Amino acid sequence: MASIFTMIVRGEIPCHRVHEDDKHFAFLDINPITRGHTLVIPKREVDQLFDLEPDELAELWTCAQVIAKAMKTATKCARVVTCVMGYEVPHVHIHLIPTNELEDFPIPPRGTLDPADADAVTAAIRQHL
Ligand code: AMP
């Protein structure tokens with residue numbers, strides 16, 4: 001079954017379209033964190049960002065860059081921040097969120113790096129590079 005975002009691209013579900021080209025689509029998030037919160041997607045339905053082909057990944061971020069610059073000008077925000085989650089919709093989407101202060105997109109509480117585990121996790125990652 002097509003993802004909800006593919007249905008948006010096809011026009012089967014309404015959206016507020018910000019941008020469209022042959023490979024990408026961008027539209028306002030239906031539950032915005034801040035005014036102008038936009039999602040940028042590849043039209044090709046892939047679940048996880050890093051499963052895109054390298055050229056697709058580069059083109060998606062280039063598209064997001066163009067949109068983010070337009071958003072920054074349009075909303076007069078201090079920074080457009082970005083994240084990629086995908087826990088709700090398994091179709092790659094880059095969140096672009098206009099912000100004026102950290103509280104506009106708060107980061108969850110963070111811990112302190114444990115030196116012993118840091119060695120272990122560094123080694124574990126390096127092993128797969
Ligand atoms: P996540 O998969 O965790 O990155 O979250 C999915 C995002 O998609 C959320 O921010 C939702 O508000 C947004 N979303 C879900 N359905 C729609 C829709 N029909 N139109 C616009 N945004 C949507």
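The values are calculated or read from the model by the stated rules, or taken from the named source; none is laboratory data. Predicted, not measured: the structure shown is a model, and the values here were computed from it. Cβ sites come from the backbone with ideal geometry, for glycine too, and all protein chains shown count toward neighbours. For accessibility, only protein heavy atoms count, side chains too; no ligands or nucleic acids. Shrake-Rupley method; radii C 1.70, N 1.55, O 1.52, S 1.80 Å.
Go over the candidates G86, G36 one by one and state the one that is touching a residue at least 60 places away in the same chain (Cβ under 8 Å), in contact with a Leu (Cβ under 9 Å, 6 or more places away or on another chain) and more than 15 Å from I8 (Cβ to Cβ).
The match here is G36.
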Restricting to segment 36-61, what's the tally of residues that are more than 15 Å from the ligand (Cβ to nearest atom), assigned to a loop (DSSP other than H, G, I, E, B) and within 26 Å of N100 (Cβ to Cβ)?
0
Regarding segment 62-69, can at least one residue be identified that is within 16 Å of the ligand (Cβ to nearest atom), within 17 Å of Q48 (Cα to Cα) and assigned to a helix (DSSP H, G or I)?
yes
Restricting attention to segment 14-35, and to residues there that are in a loop (DSSP other than H, G, I, E, B) and more than 13 Å from the ligand (Cβ to nearest atom), which single residue is least open to solvent (accessible area, probe 1.4 Å)?
D21
Just give me the residues in segment 95-119 being exposed (fewer than 10 other Cβ atoms within 10 Å of the Cβ) and small (G, A, S), in sequence order.
G111, A116
Across segment 70-94, what is the number of residues that are away from the ligand (no atom under 16 Å from the Cβ) and either open to solvent by less than 70 Å² (accessible area, probe 1.4 Å) or modelled with pLDDT under 95 (or both)?
4
